[in-house]
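Q: One structure follows; several queries about it will come next.
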Amino acid sequence: MTEMVRKSSGDEILNHWVLAASCILLIISGYGFLFQTEAIGSLFGGFNTMKTVHNWVGVVFILSLLYSMRHYFTDALEYDEDDRQWFKVAGGYLSHKVKVPPMGKYNPGQKLYYLAILGAGIAIALSGFAIWLVQGNQTLILISHLVHNVAFCIFIIAVPVHIYLSTLANPGTFQIMVNGTLPLEVAKKRYPKWMKAAGKM
Amino acid sequence: MANDNTKNRKAILVTPEVCIGCRACQVACKSWNQLPGIKTKNNGTYQNPPDLASAAFNIIRYSEVPSAKDPVRWLFVSRRCMHCDDAGCMKICPAPGALYRTKEGAVAFDRDKCIGCKLCVNACPFDVPRYDADGKVTKCHLCFDRIGAGMQPACVKTCPTGALRFGDRAELISTAKKDGFGTIYGEEDLGGLGSIYAFKEEPKLYGMTDDPAIPSSVVFWHTVLKPFAVAGLGGVVAAAAIHYLAVGPHKEEEEV
């Protein structure tokens, strides 16, 4: 039997799917509000219900996002020379012929993606709470409305990229978010520096 | 949008010069719309209630301004929803049908469809919409129920001096101009207002907003962010598809 390495813990996987599900619900209902789309409103049983769902799923989303910091935040702040080199070859995504420098547990694309989602997520949550709960402060509400929508634009760009790169573009990646493990041989190729640090090679 | 509305568009013409500040318009509005009274305090002015409210769709604003001839001039302006052609409230509203355009060109609301998000309150250039106790939007709806039945709005019907007139918007404007009113406030602003004001003096003297406009952040959101939210998602999905076909998925063997 192939020796497996654990990359994601159980609570990380569970939290990832809570985050993913709430994020997608929020994006769908967000489009409904943005364009007054009756069909999306009907999915939720009308716009009044959709507003309630949007607000409370937003609470789930931000709690889940903050919880995810214990899994990714430290890694996302560390960059080395190989990471800089990684950007020069665009992570090997644009051509399979370039030599991609050895990576740790996460490549800098993933790390920056995490920081973008964390930043945009905190911004969209804070502005969302302001729109939801604050009354009688026009400046704050208008700024929040703008921030909420700019952050939304970041999400609708970043999330599909994340989904594509973790499924079709990189076969074998998706299962890490299902059972948390991958074969040791694959891990050695993809995350040599992480495997070295873990004493597996 | 403008052209659809301007045809047969109805309006209220306010002529502050002939308003005597009797507030019959306020009473008639409350009566027709079955709005409760509001407990207020004497703030040293006859203006009461002090501002538009969920139970006050129109008010007369009383202002005392210095004058060369008299110690002070007392000016009255009847204030209500401006029924903008380019309405900030309708632009920002996320719930379809909560704020809608009547066939006479007014901006009316549907309580049942309002989700109580309060965004319209903040996008209005004239600080008009209010929220009732249930958190639903309320404001003047140009008595669409009355004018639909061939009657005048309640406030206009009761006005004893002709300070409020209702009718065909274009006709009201041309008549007012013939009568020597140099400034028709709202003739062009925000695509043309449905509450227009005839002045011989500076509208600012009467406390009218100079160059009313939808907040710039709302305009930016509407003209840039909304299209981007569609083009961006479409672009990313297309880019992923092109990448998959042109470059293809990651292959383990090619990595050294």
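The values are calculated or read from the model by the stated rules, or taken from the named source; none is laboratory data. In this text, all values refer to a predicted model and were calculated from it rather than measured experimentally. A quick note on method: Cβ atoms are made from the backbone with ideal geometry, for glycine too, and the neighbour counts reach across all protein chains shown.
Q: Report yes if B:Cys89 is in contact with a helix residue (DSSP H, G or I) (Cβ under 9 Å, 6 or more places away or on another chain), crowded, with 23+ Cβ neighbours inside 10 Å and closer than 15 Å to B:Ser195 by Cβ, otherwise no.
A: Numbers: in contact with a helix residue (DSSP H, G or I) (Cβ under 9 Å, 6 or more places away or on another chain): yes; crowded, with 23+ Cβ neighbours inside 10 Å: yes; closer than 15 Å to B:Ser195 by Cβ: yes.
Yes: the conditions hold for B:Cys89.
Q: Also, I was wondering about something else. Residue check, B:Tyr62 against (1) touching a helix residue (DSSP H, G or I) at 6+ places or on another chain (Cβ under 9 Å); (2) not in a loop (DSSP other than H, G, I, E, B), all met but one. Which one?
A: With respect to (1) touching a helix residue (DSSP H, G or I) at 6+ places or on another chain (Cβ under 9 Å); (2) not in a loop (DSSP other than H, G, I, E, B), B:Tyr62 is out only on (1).
Q: Does A:Val60 fit the bill of being touching a residue at least 40 places away in the same chain (Cβ under 8 Å), among the β-branched types (Val, Ile, Thr) and more than 11 Å from chain B (Cβ to nearest Cβ)?
A: Values: touching a residue at least 40 places away in the same chain (Cβ under 8 Å): yes; among the β-branched types (Val, Ile, Thr): yes; more than 11 Å from chain B (Cβ to nearest Cβ): yes.
So A:Val60 fits the description; yes.
Q: In segment A:1-111, which helices (runs of 4 or more DSSP H) lie fully inside it and hold 1 or more residues that are closer than 30 Å to B:Cys114 by Cβ and touching a helix residue (DSSP H, G or I) at 6+ places or on another chain (Cβ under 6 Å)?
A: Once the helices (runs of 4 or more DSSP H) in segment A:1-111 are filtered for at least 1 residues that are closer than 30 Å to B:Cys114 by Cβ and touching a helix residue (DSSP H, G or I) at 6+ places or on another chain (Cβ under 6 Å), what remains is A:10-34, A:38-43, A:47-76.
Q: Tell me, please, whether a residue that is buried (at least 19 other Cβ atoms within 10 Å of the Cβ), modelled with pLDDT under 95 and aliphatic (A, V, I, L, M) can be found in segment A:166-186.
A: From segment A:166-186, those buried (at least 19 other Cβ atoms within 10 Å of the Cβ) are A:176, A:182; that's our starting set.
Applying the additional criterion that residues be modelled with pLDDT under 95 yields A:176, A:182.
Checking which are aliphatic (A, V, I, L, M) leaves us with A:176, A:182.
For segment A:166-186, residues buried (at least 19 other Cβ atoms within 10 Å of the Cβ), modelled with pLDDT under 95 and aliphatic (A, V, I, L, M): present.
Q: Which one of B:Ala170, B:Ala149, B:Ala154 is crowded, with 18+ Cβ neighbours inside 10 Å and farther than 30 Å from A:Pro101 by Cβ? Give the steps one after another, and end with the answer.
A: On the way: B:Ala170 fails: crowded, with 18+ Cβ neighbours inside 10 Å; B:Ala149 fails: crowded, with 18+ Cβ neighbours inside 10 Å.
Of B:Ala170, B:Ala149, B:Ala154, the one residue that is crowded, with 18+ Cβ neighbours inside 10 Å and farther than 30 Å from A:Pro101 by Cβ is B:Ala154.
Q: Does B:Ile214 satisfy the condition of being under 14 Å from the mean Cα position of the chain (by Cα), of a type outside the set (D, E, K, R) and crowded, with 16+ Cβ neighbours inside 10 Å? Step through it out loud before you land on a result.
A: On the way: under 14 Å from the mean Cα position of the chain (by Cα): yes; of a type outside the set (D, E, K, R): yes; crowded, with 16+ Cβ neighbours inside 10 Å: yes.
So B:Ile214 fits the description; yes.
Q: While we're here: Specify which of the listed residues (B:Leu142, B:Leu190) is in contact with an Asp or Glu (Cβ under 8 Å, 6 or more places away or on another chain), in a loop (DSSP other than H, G, I, E, B) and at pLDDT 95 or above.
A: Numbers: B:Leu190 fails: in a loop (DSSP other than H, G, I, E, B).
None of the others qualify; the one that does is B:Leu142.
Q: Let me ask another. Considering only residues that are farther than 25 Å from A:Ala20 by Cα and either assigned to a helix (DSSP H, G or I) or of a type in the set (Val, Ile, Thr) (or both), which ones fall in segment A:155-201?
A: A:Leu184, A:Glu185, A:Val186, A:Lys188, A:Lys189, A:Pro192, A:Lys193, A:Trp194, A:Met195, A:Lys196, A:Ala197
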